[in-house]
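The structure appears below as structure tokens.
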Amino acid sequence: MEQVFSYIIGLGAAVMMPIIFTVLGLCIGLSFGNSLKSGLKVGVGFIGLSIVTALLTSALGPALDEVVKIYDLQLKVFDMGWPAAAAVAYNTAVGAFIIPVCLGVNLLMLLTKTTRTVNIDLWNYWHFAFIGAVIYFASESLAWGFFGAIICYIITLIIADMTAKKFQGFYKDMDGISIPQPFCGGFVPFAWAINKGLDMIPGIEKLEIDAEGMKKKFGLLGEPLFLGVVVGFGIGCLTCNSGSEIVDKIPYILGLGIKMGAVMELIPRV
């Protein structure tokens, strides 16, 4: 069994996930051509993530190292964000089988009427794979890894049921939709508590602030591309010891800003 797991993991997410998605497509009645096309697109997506992650690492890594040295910071961890986390999660023993396992749990919960949510967002099953992988590496037990992933999956489906009505009422034309992702559902208890607290402050409940409103108000400042460029420029300037050095490194600073802007723009598209 260990050799089977090692072989599957050795294929890599870019190879393994297209196979899984192709098989799932056939199981739900899609033609072989459409199933294969969908699976291959998932594999291409992983390759795209690898390229964007490599660009971010090669561009930002040395700059941050320089900032740490100049300001004598004790920073040793580079947060790569969700692209790297997804790639790592699906390349583990838990990630190799997380999709069929969680689909089986979802089906069982539907049959027992313990959930009303059908989680078809297969890509974001990496959330459960990641949590399961962390438990697996910490406990050195594959069984505990899957147990943790399944518990997280069950809790997420319950939260999705609880928030579905609010979500459908807030967004237009979203009837029958819920949000079954743990990295969203995990904030629900905090959101409820903070919302209750804000409602107790006179006048706060009358304010209407949302993402679209902020984007309209701040215009270009609300665009990820522009924010990435600004952050890149800022980090580039921090790598300089003096104003004269900033002038000398203008080409480098501008290049870093454009690369950061490209990463911010490409990640949602991938």
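The values are calculated or read from the model by the stated rules, or taken from the named source; none is laboratory data. All values derive from a computational prediction rather than experimental measurement. Here Cβ is always computed from backbone atoms with ideal geometry, including for glycine, and neighbour counts include all displayed protein chains.
Residue-by-condition table, conditions (1) under 19 Å from the mean Cα position of the chain (by Cα); (2) among the β-branched types (Val, Ile, Thr):
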position	(1), (2)
LEU111	no, no
THR117	no, yes
LEU122	yes, no
SER139	no, no
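Looking at (1) within 24 Å of ALA54 (Cβ to Cβ); (2) at pLDDT below 85; (3) exposed (fewer than 11 other Cβ atoms within 10 Å of the Cβ), find the lone condition where ASP210 falls short.
For ASP210, the failing item is (1).
Could you list, ordered by first residue, the pairs with Cβ atoms under 9 Å in which the first is in segment 155-166 and without any contact (Cβ under 8 Å) to a residue 24 or more places away in the chain and acidic (Asp, Glu) and the second is in a helix (DSSP H, G or I) and surrounded by fewer than 16 Cβ atoms within 10 Å (Cβ to Cβ), at least 6 apart or interchain?
Every condition considered, no pair remains.
Does segment 34-49 contain at least one residue that is among the basic types (Lys, Arg), modelled with pLDDT under 80 and within 22 Å of PHE130 (Cα to Cα)?
no
All but one of (1) in a helix (DSSP H, G or I); (2) at pLDDT 90 or above hold for LYS113, so report the exception by its number.
(1)
Are any of the residues in segment 19-28 modelled with pLDDT under 85, farther than 27 Å from GLY145 by Cα and not in a helix (DSSP H, G or I)?
yes
In this structure, is PRO180 touching a Ser or Thr at 6+ places or on another chain (Cβ under 8 Å) and either of a type outside the set (Lys, Arg) or modelled with pLDDT under 90 (or both)?
Judged against the criteria, PRO180 is a match.
Scan segment 80-104 for residues that are surrounded by fewer than 19 Cβ atoms within 10 Å (Cβ to Cβ) and either basic (Lys, Arg) or not in a helix (DSSP H, G or I) (or both) and jot them down.
Result: MET80, GLY81.
Of the conditions (1) closer than 30 Å to ILE150 by Cα; (2) of a type outside the set (A, V, I, L, M, F, W, C); (3) modelled with pLDDT under 85, GLY186 satisfies every one except a single condition; which number is it?
(3)
Being surrounded by fewer than 19 Cβ atoms within 10 Å (Cβ to Cβ), within 26 Å of ILE19 (Cβ to Cβ) and touching a Cys at 6+ places or on another chain (Cβ under 9 Å) narrows it down to one of ILE150, ILE120, so name that one.
Details: ILE120 fails: touching a Cys at 6+ places or on another chain (Cβ under 9 Å).
When all the criteria are applied, what remains is ILE150.
Could you list all residues from segment 164-196 that are under 10 Å from THR117 (Cβ atoms) and surrounded by 15 or more Cβ atoms within 10 Å (Cβ to Cβ)?
Passing the criteria: ALA164, SER178, ILE179, PRO180.
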